[in-house]
Structure formats: C-alpha cells, structure tokens
Amino acid sequence: MKRDFLTGVLLVNTIPHTVMGLAGKRLLTPLGGPGSSPRTNLVWAATNLAGAALLFRGWRTTDQPDAERRLRTVQHGMLAMTVFGSCYELLASRRRP
C-alpha cells in the first residue's frame, strides 16, 4: 500500500532533521533550502512526523495479520529512504570542496 510505504519514508526522514536541529546545525530542507536553520529543520522534522502519524490512522481497527503485512510495507519505505539518503549524502560529499 502506497500510504504505508510513504509512512516509512516520512518516519526515516524525521531523524536527520531532528538530529541536526537539536545539534544547532544547518541541513537542506524544502522549507528553507540548503542552508536551512536548526529551527527550520525541527519544523520539517515535526512536519514529517505529523504526516506519518496521520497516515497511521485506521491501524487500530486493522487485524493482526493485516497489521503485520502493512508493517512490512512501512519497513520497505524506511529501507528505501535510508538507501536514498545514504546515496544522496555520498554523492553530495564528493561535490563539496
């Protein structure tokens, strides 16, 4: 299910923006571009987390086998975002002076 895959993507994307925001460092976000402030990163992390929470709606009424199937889809989204983020950072680090 696309919705569950996107949930995984959003959950993983929350992590680096939270870390950099709490560390007081800058990181690219769609809200502020490449030099996004720590505060902007925390706002973006919260936006990702809120989006994931909204996509989780309805899980309480899901039976156990369906929840386990859906969890696998969430995990696939998490894996996809982890691979994408890792590749992006590797390529970006090669372009930096």
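Say whether the condition of being without any contact (Cβ under 8 Å) to a residue 40 or more places away in the chain and under 30 Å from PRO34 (Cα atoms) is met by at least one residue in region 53-66. The answer is yes, given that some residue of region 53-66 is without any contact (Cβ under 8 Å) to a residue 40 or more places away in the chain and under 30 Å from PRO34 (Cα atoms). The selection criterion, being of a type in the set (Val, Ile, Thr), part of a helix (DSSP H, G or I), in contact with an Asp or Glu (Cβ under 8 Å, 6 or more places away or on another chain) and within 17 Å of LEU6 (Cβ to Cβ), does not hold for VAL83. Checked against the criterion of being under 13 Å from LEU10 (Cβ atoms), of a type outside the set (Phe, Trp, Tyr) and at pLDDT 95 or above, region 56-71 has no qualifying residue.
Identify the residue in region 33-78 that is of a type in the set (Ser, Thr, Tyr) and assigned to a loop (DSSP other than H, G, I, E, B) and, among all such residues, is nearest to MET1 (Cα to Cα). Working first, answer last.
Start the filter on region 33-78 by keeping residues that are of a type in the set (Ser, Thr, Tyr), which leaves 36-37, 40, 47, 61-62, 73.
Next, only the ones that are assigned to a loop (DSSP other than H, G, I, E, B) stay: 36-37, 62.
Details: SER36: 32, SER37: 34, THR62: 14 Å.
That would be THR62.
The values are calculated or read from the model by the stated rules, or taken from the named source; none is laboratory data. The model shown is predicted, which means the values in this text are computed figures rather than measured ones. Glycine also receives a Cβ, built like all others from the backbone with ideal geometry; neighbour counts cover every protein chain displayed.
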